[in-house]
Amino acid sequence: MSDTTHFGFKQVPKEDKVNLVRGVFDSVAGQYDIMNDLMSFGIHRVWKRIAVQLSNVRKGDRVLDLAGGTGDLTTLFEKRVGAEGQIVLADINSEMLRTGRDRLIDRGLVGNIRYAQVNAECLPFEDNTFDCVCIAFGLRNVTDKDAALRSMYRVLKPGGRVIVLEFSHPTDKLTEKVYDFYSFNLLPKIGKIVAKDEDSYRYLAESIRMHPKQDELKKMMEDAGLERCEYFNMTQGIVAVHRGYKI
């Protein structure tokens, strides 16, 4: 078994990837939301709403928002679970977690939200804890994605859902060409101007290309124990929502 893994297009020792990814998100945390709006022309908000709709989360549910970053999905989930439910906003990166916590507190969302700094590969929660585990735009940064999916499955209650919202692979050649030009020529320049960080946004573009394709990720979810797995392409496959159940 190889002791290296990809960090963007580069191969690095597996033990180094967590710190390298942490460095990227420490760097971009302050401008993360502005950059999301610029990068996606605001469409990321639609993608996130669709992912939450597909989660079928209801009042009283417990939700784990993994790689929850600045709290966009937690905000949407909070409205659905109500005061009797609970969301755990979790991220491996302390700077992102702090930014998300401060934003949610500023919005007055405090009663049913908890925070946890965790590694998705080894979640520190008991078996059968959550009705839904969601990871949005975070799985591609995980070193051992199979371990993370198994960990999500373990903490999920029977009948619960895993939702993976992630950049994926375009479904037609024209979209792929336009997307590649944008990702590798324009996106790093936007990062340089707005976030003062060209290299981090070049890594983000590269990490998307290294992420498993839609059918491959579906198979990985099934191998982790999830059933009735399916995916929903959005924006010609630039983004996909994968959903699987613990039966």
### Query
Of the residues in the range 197-234, how many are buried (at least 18 other Cβ atoms within 10 Å of the Cβ), touching a strand residue (DSSP E or B) at 6+ places or on another chain (Cβ under 6 Å) and either of a type in the set (Phe, Trp, Tyr) or assigned to a strand (DSSP E or B) (or both)?
2
### Query
List pairs: first in the range 125-138 and over 13 Å from Leu89 (Cα atoms), second outside any loop (DSSP other than H, G, I, E, B) and open to solvent by 20 Å² or more (accessible area, probe 1.4 Å), Cβ under 6 Å, 6+ apart or cross-chain?
Asp127/Arg154; Asn128/Lys157; Asp131/Arg62; Asp131/Lys157
### Message
Return the residues of the range 235-247 that are of a type in the set (Lys, Arg) and part of a strand (DSSP E or B); say none if nothing qualifies.
### Response
Arg243
### Query
Phe77 is checked against (1) surrounded by fewer than 23 Cβ atoms within 10 Å (Cβ to Cβ); (2) within 26 Å of Met39 (Cβ to Cβ); (3) aromatic (Phe, Trp, Tyr) and fails just one. What number does that condition carry?
(1)
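Residues checked against (1) of a type in the set (A, V, I, L, M, F, W, C); (2) at pLDDT 95 or above:
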residue	(1), (2)
Asp131	no, yes
Asp146	no, yes
Lys157	no, yes
Lys173	no, yes
Ser183	no, no
Leu186	yes, no
### Query
What number of residues within the range 51-86 are out of contact with any Leu (no Cβ under 7 Å at 6 or more places or on another chain), closer than 19 Å to Leu149 by Cα and among the β-branched types (Val, Ile, Thr)?
1
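The values are calculated or read from the model by the stated rules, or taken from the named source; none is laboratory data. Fair warning: this is a prediction, and the values are worked out from it, not measured in the lab. Virtual Cβ from ideal backbone geometry, glycine too; neighbours counted across all protein chains shown. In case anyone asks, the SASA skips ligands and DNA or RNA and just uses the protein heavy atoms, side chains included. Shrake-Rupley method; radii C 1.70, N 1.55, O 1.52, S 1.80 Å.
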